[in-house]
Amino acid sequence: MAKTRDEIFEQVKDVLVDALGLDDDEVTAEATLMGDLGAESIDFLDIIFRLQKAFDIEVPREELFPAEAVMSNTDFVSGGKLTEKGLAEIRSKMPHTDLSEFEQDPDVNKIADLFTVDAIVNFVENKVNV
């Protein structure tokens with residue numbers, strides 16, 4: 001049975017509250033995992049595990065959080081910014097993420113800001129409602 005976006009958001013919020021030890025009101029759609037919610041890369045594994053369990057879906061880490069693979073490829077990064085090839089790779093790997101602002105200044109230091117609660121909700125929604 002398909003879930004509504006609101007139902008998915010509430011479940012994602014519960015996952016993040018449990019995984020990161022947050023209060024409900026800290027988790028908003030716009031919140032970034034690392035900057036706003038204080039997640040560290042080790043937390044991503046826990047978040048993925050909890051999402052898989054909560055939604056009964058398979059979540060390959062590189063599918064939800066593909067930045068590591070992109071950042072380590074010299075074809076994709078030059079002078080601290082993603083190249084056109086790198087942007088194309090991020091676009092293909094993160095269709096669940098709004099990249100419009102990031103594309104204006106594809107600074108590698110801003111990649112963490114792409115991992116928002118809303119992006120996770122989009123990702124899960126695409127997995128659950130197929």
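The values are calculated or read from the model by the stated rules, or taken from the named source; none is laboratory data. Quick caveat: nothing in here was measured; it's all calculated off a predicted structure. Glycine also receives a Cβ, built like all others from the backbone with ideal geometry; neighbour counts cover every protein chain displayed.
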* Within the stretch 96-104, identify whether any single residue is over 21 Å from A29 (Cβ atoms) and either touching a Gly at 6+ places or on another chain (Cβ under 9 Å) or acidic (D, E) (or both), and answer yes or no. => no
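Just the residues that are part of a helix (DSSP H, G or I) and crowded, with 18+ Cβ neighbours inside 10 Å, please, taken from the stretch 92-117.
Result: F102, I111, L114, V117.
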With the structure loaded, tell me whether D23 is acidic (D, E), more than 16 Å from D113 (Cβ to Cβ) and in the same structural domain as V124 (by TED's automatic domain parsing) or whether it fails that test. yes
Selection from the stretch 26-51 of residues loosely packed, with under 15 Cβ neighbours inside 10 Å and farther than 23 Å from K110 by Cα yields F49
Residue pairs qualifying under the 6 Å Cβ cut-off, at least six apart or on distinct chains, with the first in the stretch 36-54 being within 15 Å of T116 (Cα to Cα) and the second being of a type in the set (K, R), are I48/R61
| request: Output yes when any residue across the stretch 2-24 is over 29 Å from E103 (Cβ atoms), out of contact with any Ser or Thr (no Cβ under 7 Å at 6 or more places or on another chain), of a type in the set (V, I, T) and not in a helix (DSSP H, G or I), and no when none is. | output: yes
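Might you let me know whether the stretch 71-91 holds any residue that is of a type in the set (S, T, N, Q), in contact (Cβ under 8 Å) with a residue 24 or more places away in the chain, in a loop (DSSP other than H, G, I, E, B) and not assigned by TED's automatic domain parsing to the domain that holds F9? Reasoning before the result, please.
At the first step, the residues of the stretch 71-91 found to be of a type in the set (S, T, N, Q) are 72-74, 78, 83.
Remaining after also requiring in contact (Cβ under 8 Å) with a residue 24 or more places away in the chain: none.
No, the conditions are met nowhere in the stretch 71-91.
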